[in-house]
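Let me begin by presenting the structure, written as structure tokens, before commenting on it.
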Amino acid sequence: MSDARFEDGAEAPLRLLARDAEDLKVISALVQDAVLTGADLRYNRARRRFSLLLNRFRWEDEGRARASGRRFERVRAVLDFSDVTAVAHQGLARDAETVLSLLSIDYTPAAEPEPGAPAGPGRVVLTFAGDGALALSVECLEVELSDVTRPYLAPSHHAPDHQA
């Protein structure tokens, strides 16, 4: 399937699916330092789906940009969790003005899955800067990260820095 937004030879949009804790670590690394507002969080109880619309730093391009002297990029992306049975939050503003910075995503299974089997019921915790957190109870682990726009120049002109 082709995407008309990227037919001019530009890099195709990123789309990843995680069904186990190891895959989720990859997605967590790619959305580290993503920014969004409380208005960009959506829980559809009827569909058991929790989604975040975020501006993520393109970590997968950081090394090439640094080596070539190019400016760093961000991209709009959707992070979508399926089979969500409950959502709880702590310390998060849910308004459209407060900017949230996503730090990590962790999964804790309710029981250890069989080797090679997809992850089963458990809890997904999204941790934000400033001690905010979202906890998702999931029937099974299924997370999709999809870029939805072309990359754009990072407004700060810098890569996020986690050094003390």
ask   = Distance in nm between label sites at ASP95 and ARG123, each 7 Å beyond Cα in the beta-carbon direction?
value = 2.9 nm
task = Please calculate the 1.4 Å probe accessible area of HIS158, with all protein chains present, and give it to the nearest 10 Å².
result = 120 Å²
ask   = How much mean residue ellipticity at 222 nm does the chain get from its helices, if each DSSP H run of length 4 or more adds -39500 (n - 2.57) and you divide by all residues, to the nearest 500 deg cm²/dmol?
value = -4000 deg cm²/dmol
request  = With a Förster radius of 22 Å, plug the Cβ-Cβ distance of ASP161 and ASP131 into 1/(1 + (r/R0)^6) and report the FRET value to the nearest 0.05.
outcome  = 0.65
request  = Would you rank ASP95, ASP161, ASP33 by solvent-accessible area, highest first, keeping every protein chain in place and using a 1.4 Å probe?
outcome  = ASP161, ASP95, ASP33
inquiry  = Counting only protein heavy atoms and a 1.4 Å probe, tell me what percentage of the chain's accessible area is made up of carbon and sulfur.
reply    = 51 percent
request  = Tell me the label-point distance for the pair ALA88, ALA65, using the 7 Å Cα-to-Cβ offset, in nm and rounded to one decimal.
outcome  = 3.7 nm
request  = Choose one answer from ALA12, ALA46, ALA29: the residue with the largest mean-square fluctuation in a GNM of the chain with alpha-carbon springs under 10 Å.
outcome  = ALA46
ask   = Any idea what % of Cα-Cα pairs in the chain are farther than 21 Å?
value = 49 percent
request  = Calculate, for the chain, the solvent-accessible area per residue in square angstrom, rolling a 1.4 angstrom probe over the heavy atoms of the protein chains.
outcome  = 57 Å²
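The values are calculated or read from the model by the stated rules, or taken from the named source; none is laboratory data. Worth saying up front: this structure is predicted, and the values here are computed from it rather than measured. Cβ sites come from the backbone with ideal geometry, for glycine too, and all protein chains shown count toward neighbours. When the accessible area is computed, the model is the full protein with side chains, heavy atoms only, and any ligands, DNA or RNA have been set aside. Shrake-Rupley method; radii C 1.70, N 1.55, O 1.52, S 1.80 Å.
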